[in-house]
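One structure is given below, encoded as structure tokens.
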Amino acid sequence: MNDQAEQPVVFVIDDDPSIRDSLKSLLGSVGLSVEPLSSTAEFLRSKLPDVPCCLVLDVRLPGLSGLDFQAELAKSNIRIPIIFITGHGDIPMSVKAMKAGAIEFLTKPFRDQDLLDAVQLGLERDRARRDQEMPLAELRQRFDMLTPREQQVMSFVTAGLMNKQIAGEIGVSEITVKVHRGNVMRKTGARSLADLVRMADLLGLRRTKE
């Protein structure tokens, strides 16, 4: 694996340029790649790189607050670990942020090491999430290689229908079903029917046998 391609990225959103500069310098000092941004809108306009990432986010921002932005990201299924920083934090605010999945809630002035530790934890979590999702992404790619008819046959096979029943359901010969079934096994890389059923479960494709 190319280490450079996997170089993690830390996004920093703070409307204070001096804070952005100081955080970029701190994170850069331990070899991290940093993307400093002045607003949440800037973050949404930028495409997330295909590497482990985390977000250092100021709680109080013009327009959408950091906590509101956290909720928006969750709704949009953008799963990036968040470390909150604030000069005006309170306990209810920190509890709300942590309950919604934040890695850490740091009140300025915070210790540099506390931020670095939180960022490393965020990157580790994102790396673990990406490793977990990788097989599913590959499986989806394989499924997309199937023709619509092969996808249909796969759903019937994994529901427990026999070749003869599938032939009756889709109006083709039993031999044609066998050909489609063979193509499904080959293209998905399934080694057995149980393997194919597990793949269908992961893809959310299982249909109930009637």
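The values are calculated or read from the model by the stated rules, or taken from the named source; none is laboratory data. Please read all numbers here as calculations on a predicted model, not as lab measurements. Cβ atoms come from the backbone with ideal geometry, glycine included; neighbour counts cover every protein chain shown.
Tabulated data for the structure shown
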| read-out | value |
| --- | --- |
| Residue match in the stretch 148-158 (condition: aliphatic (A, V, I, L, M) and surrounded by fewer than 17 Cβ atoms within 10 Å (Cβ to Cβ)) | no |
| Residue count for the stretch 36-63, restricted to those that are surrounded by 18 or more Cβ atoms within 10 Å (Cβ to Cβ) and among the charged types (D, E, K, R) | 1 |
| One residue from LEU205, LEU121, LEU116, LEU136 being part of a helix (DSSP H, G or I), surrounded by fewer than 17 Cβ atoms within 10 Å (Cβ to Cβ) and at pLDDT below 90 | LEU136 |
| Residue within the stretch 99-111 that is touching a strand residue (DSSP E or B) at 6+ places or on another chain (Cβ under 6 Å), touching a residue at least 24 places away in the same chain (Cβ under 8 Å), over 29 Å from GLU133 (Cα atoms) and of a type in the set (A, V, I, L, M) present | no |
| Condition met for ALA167 (of a type in the set (Gly, Ala, Ser), at pLDDT below 95 and part of a helix (DSSP H, G or I)) | no |
